[in-house]
Amino acid sequence: MTRLSNTTLGALPATVAQPQYDRSAVKNGVVHFGPGAFHRAHQAAAFDTLLAHDPRWGLTGVSLNSRGVADALNPQNGLYTLALLDTEIAYRVIGAIGRVLTRDEPEAILAALAHPDTRIISSTVTEKGYCLSADGTLDFANPAIAADLAAALEGEWTPGSFTGWLVKGLQGRRLAGLPGVTVLCCDNLTDNGRKLEAATLALAEKIDPDTARWIVDNVTFPNAMVDSITPATDDALRARILAETGLEDAWPIQREAFTQWVIEDRFAGERPALDLAGVTFAAEVRPFEKAKLRLLNGAHSSLAYIGLGRGLETVADAMADPELAAFAERLMRDDIASSLTPPPGLDLDGYISDVLARFRNPAIRHLLAQIAWDGSQKLPYRLLDTTREALAAGRSIERLALPIAAWLRFLAIAARDGRSITDPLAKVLLARAADWRQVLALHDVFGDLGEDARFVQAVEAGIVALDAGRLEPVTA
Ligand code: CS2
């Protein structure tokens, strides 16, 4: 079997799109932390389009937690195949990533961050990768942050956390007399750029106040909303890619055809012409971010926990369950939309209809179990903020509490069956899962909401309903 690489690109059939630029002329303008499926499906594809117009925006990937992506992509010269799943399936080889570095090469990471060509440092390290407390500020008690701080105060240090790498890399730029950069967070957090800015400054203040001041003067952290449904790679995709391209690809990626990326127009230096790749630059991104996180991701997590409780496997399966689909739609239209002020030009009703249609995409097998990962990190942004605001405004929270109840049941069942879950708080969650009130008392997840009697009562009603196999309260 021949493997995808620079030398085999010529063997691709004409039906598979490939880089329309000279890869050897590309300069790396971006260092990206977390080159996982979402980055490679979404942002890297946009840079790949841009590279055909401007060769200065290639990407260097940095995987801090595992060697998997580096081992798959480096032998392929960074190339991988992207399958776009719609009524018709399209294939495209992406060439935007040059090399993927791992934590085994700290000098190379630092050199990339403090390189004159680097103008953007971006990230998709998932919600937990930012090591934030429930209030959205840097959690100095997080072991990775505590270890970085202790090591930095000792002297020569190699960061472990993403925030640590940002501080070290920005310090490197300052010491080398290089210009500032744009730090572009692409994860699903509300106000993602500002949160990362505050976290980076908080750590820099303690490690090197001169660098903290330099960051204030030279670095920007735009907010950004990123959207494209990206199911994890499975063997079916690998087999399909081999059949369609004739080349073996160790880690192809799939996503829906739809993609949206709105970036706050707040760049430290030159702004890449990503508008050529369909990216929107906006003065204010928060309303887009909030609408997407609360409606799409809020509904996604709801379908995941309720759907898994009903024995369903994928988002499309959950949408084929009439009761559950109707619940998700009512949740979005009646309960979540009322917490939003839509950005100018966005029709919320139409947006909701589009999201529901995307969830029904028959070409996509998006596992509910994948969406169910990291509930403790996702639910605060996706559903708890909405619930808190609904309570403050005197609106009903009955429906909003149901997916929370479903998450608590999901934890209880996992604990009962001795199954592990993927969540940075897995240990404490599973230890408390047998008594859902103990989980609600976790301040890191629920904040003061866990103590609100109206919330506790609504969650209890949700659990009773779900235990009875229903999605609305069981009334006597
Ligand atoms: C999903 C998201 O896995 C999840 O939690 O809700 O990855 C979702 O598919 C994307 O945010 C869509 O843009």
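The values are calculated or read from the model by the stated rules, or taken from the named source; none is laboratory data. Fair warning: this is a prediction, and the values are worked out from it, not measured in the lab. Quick reminder, even Gly has a Cβ in these numbers, built from the backbone with ideal geometry, and neighbours come from all protein chains shown. Calculation scope for accessible area: heavy atoms of the full protein, side chains included, ligands and nucleic acids excluded. Shrake-Rupley method; radii C 1.70, N 1.55, O 1.52, S 1.80 Å.
Quick notes
- Only a single item in (1) open to solvent by 10 Å² or more (accessible area, probe 1.4 Å); (2) under 17 Å from the mean Cα position of the chain (by Cα) is not met by P55, and it is number (2).
- In the stretch 29-45, the residues that are part of a strand (DSSP E or B) reach residues that are within 13 Å of the ligand (Cβ to nearest atom) with C-beta atoms within less than 8 angstrom, at least six apart or across chains, in these pairs: H32/H39; H32/Q43; H32/T124; F33/T124.
- Just one of the numbered conditions (1) of a type outside the set (D, E, K, R); (2) touching an Asp or Glu at 6+ places or on another chain (Cβ under 6 Å); (3) buried (at least 24 other Cβ atoms within 10 Å of the Cβ) is not true of M1: (3).
- The single residue among D54, D71, D22, D86 that is out of contact with any Lys or Arg (no Cβ under 7 Å at 6 or more places or on another chain), within 16 Å of the ligand (Cβ to nearest atom) and either charged (D, E, K, R) or touching a residue at least 12 places away in the same chain (Cβ under 8 Å) (or both) turns out to be D86.
- All of (1) more than 15 Å from the ligand (Cβ to nearest atom); (2) under 26 Å from D317 (Cα atoms); (3) open to solvent by 40 Å² or more (accessible area, probe 1.4 Å); (4) in a helix (DSSP H, G or I) hold for F410 with one exception: (1).
- The selection criterion, being away from the ligand (no atom under 13 Å from the Cβ), outside the structural domain of V16 (by TED's automatic domain parsing) and of a type in the set (A, V, I, L, M), holds for L331.
- Any hit, the stretch 258-266, residues being in contact with a helix residue (DSSP H, G or I) (Cβ under 6 Å, 6 or more places away or on another chain), within 16 Å of the ligand (Cβ to nearest atom) and outside the structural domain of F47 (by TED's automatic domain parsing): no
- Looking only at the stretch 89-105, residues that are open to solvent by less than 30 Å² (accessible area, probe 1.4 Å) and not in a loop (DSSP other than H, G, I, E, B) come to 7 in all.
- Only residues that are under 12 Å from L303 (Cβ atoms) and of a type in the set (A, V, I, L, M, F, W, C) were counted in the stretch 341-368, giving 5.
- One residue alone among R271, R255 is in the same structural domain as G78 (by TED's automatic domain parsing), surrounded by fewer than 21 Cβ atoms within 10 Å (Cβ to Cβ) and not small (G, A, S), and that residue is R271.
- The stretch 375-406: number of residues that are out of contact with any Lys or Arg (no Cβ under 6 Å at 6 or more places or on another chain) and within 16 Å of the ligand (Cβ to nearest atom): 13
- All positions within the stretch 366-386 that are surrounded by fewer than 21 Cβ atoms within 10 Å (Cβ to Cβ) and in contact with a Pro (Cβ under 9 Å, 6 or more places away or on another chain): L367, Q370, D374
- Filter result for the condition that a residue is closer than 30 Å to R174 by Cα, more than 20 Å from the chain's Cα centre (by Cα) and either open to solvent by 40 Å² or more (accessible area, probe 1.4 Å) or small (G, A, S) (or both), over D86, D117, D71: D117
- Sole residue being modelled with pLDDT of 95 or more and under 23 Å from the mean Cα position of the chain (by Cα), chosen from L430, L391, L425, L402: L425
Listed here are the residues, each with its yes/no results for (1) open to solvent by 50 Å² or more (accessible area, probe 1.4 Å); (2) more than 16 Å from the ligand (Cβ to nearest atom); (3) touching a residue at least 40 places away in the same chain (Cβ under 8 Å).
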residue: D208; (1), (2), (3): no, yes, yes
residue: D217; (1), (2), (3): yes, yes, no
residue: V226; (1), (2), (3): no, no, yes
residue: T230; (1), (2), (3): no, no, yes
residue: T233; (1), (2), (3): no, no, yes
residue: I241; (1), (2), (3): no, yes, yes
residue: L247; (1), (2), (3): no, yes, yes
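- Selection of the stretch 346-365 for residues being surrounded by fewer than 18 Cβ atoms within 10 Å (Cβ to Cβ) and either small (G, A, S) or within 12 Å of the ligand (Cβ to nearest atom) (or both) yields G350, S353, A357, A363.
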